[in-house]
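Here the structure is laid out as structure tokens; the discussion comes afterwards.
Bear in mind that the values in this text are calculations on the coordinates, not laboratory data. This is a predicted model, so every value here is computed, not measured. Every residue, glycine among them, receives a Cβ derived from its backbone with ideal geometry; neighbour counts consider all protein chains shown.
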Amino acid sequence: MLIFKFGGASVKDADSIKNVLSILKKYPEKKIIVIVSAIGKTTNNLEKIYQSILNKDKVEFELAINLFYNEHLKIINDLELDTNSSPFQYLEQIKTFFENKFSSEISDNHFFEYDQIVSLGEIMSSIILETYVSKELSNSCFLDARKVLRTDNNFRQADVVWNKTMDLVNNFIQSIFNSKTIVITQGFIGHTAEGFTTTLGREGSDFSAAIFAYCVNAESVTIWKDVPGMLNADPKYFDNTQKLDSISYKEAIELSYYGASVIHPKTVKPLQNKNIPLFIKSFFKPELEGSVIHTSEENDDFCPSFIFKKEQILFSISTKDFSFINENELSEIFQILASKKIKVNLMQNSALSFSFAVDQNLINTSEIIELFEKKHLIKYNENLELLTIRHYNTEVIQTNTKNKSVILEQKTRSTVRFLLKN
Ligand code: ASP
């Protein structure tokens, strides 16, 4: 069994969806589970719909809902799916659902509401894809991931309940594969024991692919992307990027942890645990090799890899009475950070201070200051850049830190990290 994951860019319009079909046709003798993300940037737009419902902002709401409706309608029309087809009917139902949400009181559990709204992008894309594929091929079937991927009730960042998910996935998949060979389902979404929809965190579809792979003991997972494979740097920021043909699970997990956006950080563990290879291939050029992530560490240090994160803010916390930042202090600080779901990108401590860097746009600076200022002194430094280099050498460090001031530096044998100011 193969698992194919198609992200938003690979289903962004009718031509891209036709391209997905042509890729599926290349594997006639395989059983394939297709995991699809929401179309293009739909999830960002759904977040706007959610926010405008919370704020009761009619103007924003209308803009976002029209964009959602028109983008999907265009694809449905371009694929020549008629107005009696399920995609069209679902689109109408979803629009009515949003309008009702806007005009009624929503619950205080905002993360719950977020999941009920934002999950609908994947539902729409998978219905469109499956309807189109089944028009062309008779062997495909739709599966609602909200029936099989069981999670806890941690809305917006749900954790998988593995045993239950294994049972459900295998029951559904086995019965579908008795008569079909392609299952089309969604990434990113699951359900609680009570049947409420959950999401696994932004960009979570890669993780869904790994969950399905783990449950069915898949032969491999392929993530189809608009790049030729896993690159040693983001071409948005670096010239002369190189493709990493083969890297280990360990290297991949380190790169994604430091912020390489090519795969979601949680994807690797389930695959490593069952020794399932992960291929990253170009959906423009499916015949090319791409990259493979597997057990062998042989090529991990083939070349330096760069991970660059802009808009970082560095907070430095110290005690008001000149006492040490000891283990108890640290554990209090971490409890506060964890309770607010703040993701720390880099940290360092000294006798009197603890510093941590986070993505500026994911936090509310005044809220963080408020959290700490009762007991601590807190300072911050904004608009920094975080550069991580794996398998570094002196030359690449010099070239990449030239003309920038180093605010903080951390070095191990394989990795060097800099917080830089331009
Ligand atoms: N559609 C979701 C997002 O944009 C999940 C994904 O694509 O991986 O975050």
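Cross-link pairs exceeding 19 Å in C-alpha to C-alpha distance, out of Lys309/Lys379; Lys48/Lys266; Lys379/Lys411; Lys26/Lys135; Lys164/Lys250; Lys274/Lys341, comprise Lys309/Lys379; Lys48/Lys266; Lys379/Lys411; Lys164/Lys250; Lys274/Lys341. Taking all Cα pairs closer than 8 Å and separated by 6 or more residues, the relative contact order of the chain comes to 13 percent. For the stretch 121-165, relative contact order (Cα pairs under 8 Å, six or more residues apart, normalised by length) works out to 24 percent. Computed from Cα positions, the angle between helix 58-78 and the longest principal axis of the chain comes to roughly 50 degrees. Tell me which GluC sites (Glu not before Pro) from the stretch 104-161 have a DSSP coil assignment and no more than 14 other beta carbons within 10 Å of their own. Loop-located and lightly packed - Glu105.
Over all other residues within a Cβ to Cβ distance under 10 Å of Ser248, the charged ones net out to -4, with Lys and Arg as +1 and Asp and Glu as -1. Comparing Phe196, Phe372, Phe212 in a Gaussian network model of the chain (Cα springs below 10 Å), the most mobile by mean-square fluctuation is Phe372. For the stretch 320-377, the list of trypsin sites (Lys or Arg not before Pro) that fall in a loop by DSSP and count at most 13 other C-beta atoms within 10 angstrom reads Lys320, Lys340, Lys341, Lys343, Lys374. Dipole size of the stretch 282-391 about its Cα centre, with +1 on Lys/Arg Cβ and -1 on Asp/Glu Cβ: approximately 440 debye, rounded to the nearest 20.
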